[in-house]
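What follows is a set of notes on a single structure, which appears directly below.
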Amino acid sequence: MASSTIFKNFTIPIEKKSLLLIGKDIISDKYKAEVEEIRNLIAQGNKEAASEKKKQLLAFTPSAVFTEKRQMPFLEMYSGFVHLDFDKLTPEQLHSAKQKISEIPYTHLCFISPSGNGLKVFVEVDTEVELHETAYAQVMQFYEEATGLKADEKCKDVTR
């Protein structure tokens with residue numbers, strides 16, 4: 001199973017873990033209290049506090065394992081996963097897109113973002129790190145056409 005690096009404060013690598021186990025942790029109640037707090041702050045209109053709380057969540061790099069920093073010189077292993085991020089969705093778009101994406105056989109993992117109005121999607125690709133951006137563009141186009149939604153292009157970066 002492909003591995004990822006888990007980061008504290010987006011910069012400090014603390015653990016290597018499989019994407020499967022990361023997904024299980026996210027879908028379980030492990031982070032439920034933190035995520036509910038973020039969503040409650042957003043619902044109260046306190047986006048700044050919600051943003052600060054989101055920064056306190058652990059982050060992970062689904063496309064690669066890194067040693068010291070989330071930078072290409074510190075790449076230890078490419079996982080072969082592309083990460084798509086669909087943001088600022090209405091509740092209807094979120095429900096519809098999650099259902100469509102979950103039915104696509106290429107989808108390895110799909111979950112609702114901590115904000116509650118986005119989707120994180122992970123797709124395994126058969127390529128090397130040098131062609132990651134090309135694979136990302138192809139996967140992004142396929143999922144955008146399948147959902148009718150626009151994905152965040154920043155996720156094409158292996159270090160994100």
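Testing the spin-label approximation: label points 7 Å from Cα along Cα→Cβ at E145 and T67. State their distance in nm.
Computed distance between label sites E145 and T67 equals 4.1 nm.
Between K100 and V129, what is the spin-label point distance in nm, taking each point 7 Å from the Cα along the Cα→C-beta axis?
Result for the modelled spin labels: 3.4 nm.
Of F74, F66, F86, which has the largest mean-square fluctuation in a 10 Å C-alpha GNM of the chain?
Residue with maximal mean-square fluctuation among F74, F66, F86: F74.
Pick from Y136, Y78, Y31 the residue whose mean-square fluctuation is largest in a GNM of the chain, springs joining Cα atoms under 10 Å.
Y31
Once you have the Cα-Cα distance between S18 and Q56, take 0.36 nm times their residue separation minus that, and quote the gain in nm to one decimal. The partial results should precede the final answer.
Values: separation 38, 0.36 × 38 = 13.68 nm, distance 2.10 nm.
This chain segment gains 11.6 nm when fully extended.
Give me D for the stretch 3-156 in µm² s⁻¹, whole number, from Stokes-Einstein with Rh from the Kirkwood sum over alpha-carbon pairs, 25 °C and 0.890 mPa s. Mind dumping the intermediate values first?
On the way: Rh = 16.2 Å.
Rounded to a whole number, D works out at 152 µm²/s.
In which sequence would M140, M77, M72 go, from the one with the fewest C-beta neighbours within 10 Å to the one with the most? Don't skip to the answer; put the middle values down first.
Values: M140 21, M77 15, M72 12.
Lowest count first: M72, M77, M140.
About the Cα centre of the chain, what is the dipole size in debye to 20, counting +1 per Lys and Arg Cβ and -1 per Asp and Glu Cβ, all else neutral? The partial results should precede the final answer.
Values: 21 positive and 24 negative charges, 108 e Å.
Here the chain has a charge dipole of around 520 debye.
Hey, what did the stretch 3-156 get for relative contact order, percent, Cα under 8 Å, at least 6 apart? Each step should come with its number before you reach the end.
Details: 239 pairs, mean separation 33.7, N = 154.
That works out to 22 percent.
Among S79, S28, S63, rank each residue by its count of other Cβ atoms within 10 Å, from fewest to most, as a rough exposure measure. Don't skip to the end; give the middle numbers.
Details: S79 24, S28 9, S63 28.
Ascending Cβ contact count within 10 Å gives the list S28, S79, S63.
Pop the C-beta distance of E37 and D85 into the FRET formula with R0 = 25 Å and round what comes out to the nearest 0.05. Before the final figure, lay out the partial values.
Values: r = 21 Å, r/R0 = 0.84.
Efficiency at R0 = 25 Å is approximately 0.75.
Compute the length gained on full extension between E76 and K154: take 0.36 nm times their separation in residues and subtract their Cα-Cα distance, giving the result in nm to one decimal. Intermediate results must be reported in sequence, preceding the final value.
Working: separation 78, 0.36 × 78 = 28.08 nm, distance 2.13 nm.
Stretched out fully, the E76 to K154 stretch lengthens by 25.9 nm.
Laboratory data are not the source of any read-out in this text; all were calculated from the coordinates shown. This structure is a prediction, so every number in the text was calculated from the model and none was measured. Here Cβ is always computed from backbone atoms with ideal geometry, including for glycine, and neighbour counts include all displayed protein chains.
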